[in-house]
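Structure, as structure tokens:
The values are calculated or read from the model by the stated rules, or taken from the named source; none is laboratory data. As the structure is a computational prediction, the values presented were derived from the model and not from experiment. As a convention, Cβ positions derive from the backbone with ideal geometry for all residues, glycine included, and neighbour counts pool all protein chains shown.
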Amino acid sequence: MYIEYYIIENLLINYIIISCTSILIKKYSSKKKRWLGSFMGTIYSVVYLYPRLEILFTLPFKLLIMTFITLISFTYRDKKEFIRISVVFYLVNVFICGSTYFIIYFTGIEHMKVSFLIVCAYISCELLKYIYRDIKTLKYIKDIKKTIDINLLGKHCTCEALIDSGNLLKDPLGNNEVIIVKSRTLKGIISDELVEYDYENMDISKVQNIISSSDRGLISRVKLIPYKHAGGNNSSIILGIKVDYVEIDKNKISNVVIGLSNFDDSEYDAILNPSILQEV
């Protein structure tokens with residue numbers, strides 16, 4: 001029975017570590033790739049139960065295993081980006097393992113309790129995200145516009161997005177950056193009703209009407225983004241949809257919400273949150 005708990009514990013903690021790395025580097029990684037990487041890490045952890053295989057515990061072999069896990073779990077464009085992902089992945093491992101050990105040592109709770117270990121790893125992951133967010137700075141924005149590719153429910157569209165430092169909107173629940181998008185740009189991805197809907201002066205009752213008439217696959221992705229107009233005190237709501245990922249400069253960025261709007265401008269179809277460009 002112990003080996004079963006050990007495997008479950010390592011599988012879930014590995015998944016948390018890989019997911020945390022994906023969020024920090026802002027690179028889209030499918031659940032399949034994350035689970036495959038987690039499974040490989042779990043297989044290696046089981047080897048520790050067999051002391052006779054001590055050659056597999058050497059530093060070169062450990063680095064080799066981490067390299068394979070990185071290759072399986074993440075996508076990259078070149079060697080430079082692969083090295084950057086590998087370094088972040090290694091540092092996330094060190095931070096989460098170290099902070100988990102500290103929590104266990106500080107509380108005095110037995111480290112073999114599976115649920116407690118998983119909770120410790122999750123708390124460490126959340127702490128690392130906050131630290132990373134606070135210490136990183138915005139890159140210098142060279143271009144005022146970017147071509148972006150929005151992917152939602154297996155469909156995608158490409159549009160021009162204006163980089164606007166005034167758009168710092170975030171989903172209040174998931175803390176995900178928001179890109180304001182013309183609803184008509186998403187024709188063929190969302191229903192015609194949503195494409196033609198008037199998103200001015202949105203309120204809860206309007207949102208409920210939209211949700212009640214939407215596809216089930218879209219309902220779970222709906223987000224409400226509160227905001228205030230510049231120089232005004234009145235609050236309003238933007239209807240948001242969490243997309244699969246947004247591709248910018250060949251980088252797939254996950255954990256992004258698009259806010260539907262009817263703004264009228266012929267030069268661009270979306271307003272980009274500059275925070276998204278930090279890892280492009």
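The table below gives the values:
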{"read-out": "Close pairs from segment 38-57: first at positive phi and in the same structural domain as residue 89 (by TED's automatic domain parsing), partner assigned to a loop (DSSP other than H, G, I, E, B) and surrounded by 13 or more Cβ atoms within 10 Å (Cβ to Cβ), Cβ under 9 Å, at least 6 apart", "value": "none"}
{"read-out": "Residue list for segment 171-183, restricted to those being surrounded by 11 or more Cβ atoms within 10 Å (Cβ to Cβ) and in contact (Cβ under 8 Å) with a residue 24 or more places away in the chain", "value": "171, 172, 174, 176, 177, 178, 179, 180, 181, 182, 183"}
{"read-out": "Positions within segment 236-263 being part of a loop (DSSP other than H, G, I, E, B) and out of contact with any strand residue (DSSP E or B) (no Cβ under 9 Å at 6 or more places or on another chain), in sequence order", "value": "250"}
{"read-out": "Lone unmet requirement of (1) touching a residue at least 60 places away in the same chain (Cβ under 8 Å); (2) closer than 30 Å to residue 75 by Cα for residue 238", "value": "(2)"}
{"read-out": "Residue satisfying condition, being touching a residue at least 60 places away in the same chain (Cβ under 8 Å) and exposed (fewer than 10 other Cβ atoms within 10 Å of the Cβ), within set 192, 198, 164", "value": "198"}
{"read-out": "Hey, residue 242 touching a Gly at 6+ places or on another chain (Cβ under 7 Å) and either surrounded by 12 or more Cβ atoms within 10 Å (Cβ to Cβ) or at pLDDT 85 or above (or both) or not", "value": "no"}
